[in-house]
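Computed from the coordinates by the stated procedures, all read-outs in this text should not be read as laboratory data. The structure displayed is predicted, hence computed values, not measured ones. Don't worry about glycine lacking a Cβ; one is built from the backbone with ideal geometry, like all the others, and counts go over all protein chains shown.
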Number of protein chains: 2
Amino acid sequence: MLRLEQYLRLLPATTHATAPALISASSSLSYPLPNLSALRLPRSRPPTLRGKTSSAVRASAGPDATVKRAPEMAQREVARAVADQAVARLGARLLPSSVPADVAEFRNGAGNAVGSLDVHRGSPGSSIDFMLQSSLHCKVPNGAIDITSILIFLNASTNAPHFLLELIQGRSTSIVVILDLLPRKDLAFHPDYLQKYYEETRMDEQRGKIEELPQTRPYRSPSLFVRSACSPTAIMVNIDCGQGGEKALEEIMHGQLATVIQEVLQIWLDNCADSTTEMDEVERDCLLKRDRIVRSKSIEVDLTANLPRMFGPDVSSRVITEIRKAFGVQEP
Amino acid sequence: MLRLEQYLRLLPATTHATAPALISASSSLSYPLPNLSALRLPRSRPPTLRGKTSSAVRASAGPDATVKRAPEMAQREVARAVADQAVARLGARLLPSSVPADVAEFRNGAGNAVGSLDVHRGSPGSSIDFMLQSSLHCKVPNGAIDITSILIFLNASTNAPHFLLELIQGRSTSIVVILDLLPRKDLAFHPDYLQKYYEETRMDEQRGKIEELPQTRPYRSPSLFVRSACSPTAIMVNIDCGQGGEKALEEIMHGQLATVIQEVLQIWLDNCADSTTEMDEVERDCLLKRDRIVRSKSIEVDLTANLPRMFGPDVSSRVITEIRKAFGVQEP
């Protein structure tokens, strides 16, 4: 198998320079498609907000749109089951969805890309900051890019890790999986935190279950920031079943992968979702500052660098604005 | 190839439970030998210091010692060349060796293990805290364990990364390599630091050069602390040339591996070794505190857990005392 780094060398310079993804689109743009240069996505700068309605937006409702909805596939089924599991447990700690209709579903002007975003803020008094689900589907000449993300972030009433899942496919025979309890402290500086959330929860065994599959290879995000932000037990893999491996991949996704994702979510629900942490003012300030930097940086290397290339500047701007709201970070 | 995690499951519980190594012995004990259980090393607790001379020490000078010196091998030749490169550049910034003769070279009572330790403190006014070189050789029924380490640590006049190299062999056909510029700040919290020392130095390209070798597999330290302490560009690999691959491994070690180690050292010499960092008191306090925790933790998971099993409690105690002195950390 070609290693990721070798793929990247084949990509056009602007794609190569952008760093992927804690969250969504960038990983796909810098990852799986060998024919990515054929995408010819617009290389526009992210626009300022509140621009006039663009042709892309108008076109999204038009009869020419070639993609009505993201297709059903194992990736989305698995993600939906995980989201349902989280919602069932978190219950009233999640407020109703807070995104406007034109962000809940969005399309690009060319009609070859559709996306959805759902954000539930945490209820007052809970440790939940927000739960974000997103799905992107972008047709390309030889297939499609499909990305599903589930993020459940906690607020500053606790320093427990966030939950993060990202599934990225550029082919029907392989998938990139990023699954982590995203740490909120410097783990080398805080061995007690490492022990509590990663050693005692035996998170590394979950990683082992996926990495021992013969189809699994490590996925190295080209973004050093993404690699730094994740925990040492993060599952960051490419599961590649090779030519003709569509059925094998589906079986893994509905089998071992779904099981591990559900178990990791369960570990997070049992150990993090309800936690509160006693902190003095200095500790809380530090936590808030770190959270803010990690959130801003992940939007920067991920969405603002890449989403405009899939959906055009105006649609992307609306979507990123909602994500910024959820993340509680302003435009730089 | 059997994955490391699978190896570990084969090892006796006490070995499995100990975490390896930023520095030396533990990686070997938890890593390469499938017949490790045959070692039957004493499972003693690390003793308090300044005990009476043990039988192990007396035996080390006796005529029964079966190993006089660590054998010449590619691992030691490569490490020596790297150390020479560092010494040539650092020159007068390194003080003369500061370890007593019975730590500069040491043996175990059974006569099947020899080691050496050399520590040069940095001269006053330089950014160098110390340079530590160690070498361990332990005969086992089907071969030997050989470990060579070079650490060059900086003091608090700079926050630049330390240099770390560890080479671990349990077979003549494979080697574990840990090579890193060891970060001294939380990289997710400090993207500027990440950019300066890891992105702009293009450290990840060095990692790529080793990982693209077909004989290379990722090496996952079973210690989550070790994984957390290393940078996202750390080279942590097992180069396994398979049965009959002695010559192939030697060629890689003298070729690509030696080149990459020298280039990484050069990057460190050019960007870190002479640096000074302006810091206010809070920043310096934080740096010192983080340094101390990382150093203590690495001694704990590494040496105090494992060295006594190779060299007995008294010899190990003398060696660890000198390493603690270099690291500037006390016994807990």
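For a test of the definition: using alpha carbon positions, the gyration tensor, and the 1.5 limit on a/c, classify the stretch A:72-143 as rounded, prolate or oblate. Here the stretch A:72-143 falls in the oblate category. The shape of the stretch B:291-332 comes out oblate: with a ≥ b ≥ c from the C-alpha gyration tensor, a/c is at least 1.5 while a/b does not beat b/c.
Taken along the Cα-to-beta-carbon direction at a fixed 7 Å, the label points for B:S97 and A:V282 span 4.2 nm. Each copy carries a label point for B:R69 at 7 Å from Cα along the beta-carbon vector; from one copy to the others these points are 7.7 nm apart, nearest first. Taking the label point 7 Å along Cα→Cβ, B:E263 and its counterparts in the other copies are spaced 3.9 nm apart, in ascending order. The alpha-carbon of A:K68 sits under 21 angstrom from the alpha-carbons of these lysines, leaving out residues fewer than 8 places away in its chain: A:K139. Neighbours of B:L132 by Cβ distance under 13 Å: Lys/Arg scored +1, Asp/Glu scored -1, total -1. Here B:F311, B:F106 are placed in order of increasing Cβ neighbour count within 10 Å, fewest first, which gives B:F106, B:F311.
Label positions at B:N142 and B:E251, each projected 7 Å from the Cα along the C-beta direction, are separated by 2.5 nm. Once C-alpha pairs closer than 8 Å and six or more residues apart are averaged by separation and normalised to the residue number of the stretch A:71-327, the relative contact order reads 19 percent. Taking a ≥ b ≥ c as the square roots of the eigenvalues of the alpha-carbon gyration tensor, the stretch A:71-327 is classed oblate because a/c is 1.5 or more while a/b is no larger than b/c. Going by Cα centres, the stretch B:224-259 and the stretch B:65-115 are how many Å apart? One Cα centre to the other: 21 Å.
Of all beta-carbon atoms in chain A, the one sitting closest to the axis that brings chain A onto chain B gives A:D186, 2, with the distance in whole angstrom. Each copy carries B:D192; placing its label point 7 Å along the C-beta direction from Cα gives inter-copy distances of 3.0 nm, listed from smallest up. Once the Kirkwood radius over Cα pairs is known for the stretch B:182-332, the Stokes-Einstein relation at 25 °C and 0.890 mPa s delivers a diffusion coefficient of 136 µm²/s.
Computed about its Cα centre, the charge dipole of the stretch B:241-332 is approximately 500 debye, with only Lys, Arg, Asp and Glu carrying charge at their Cβ.
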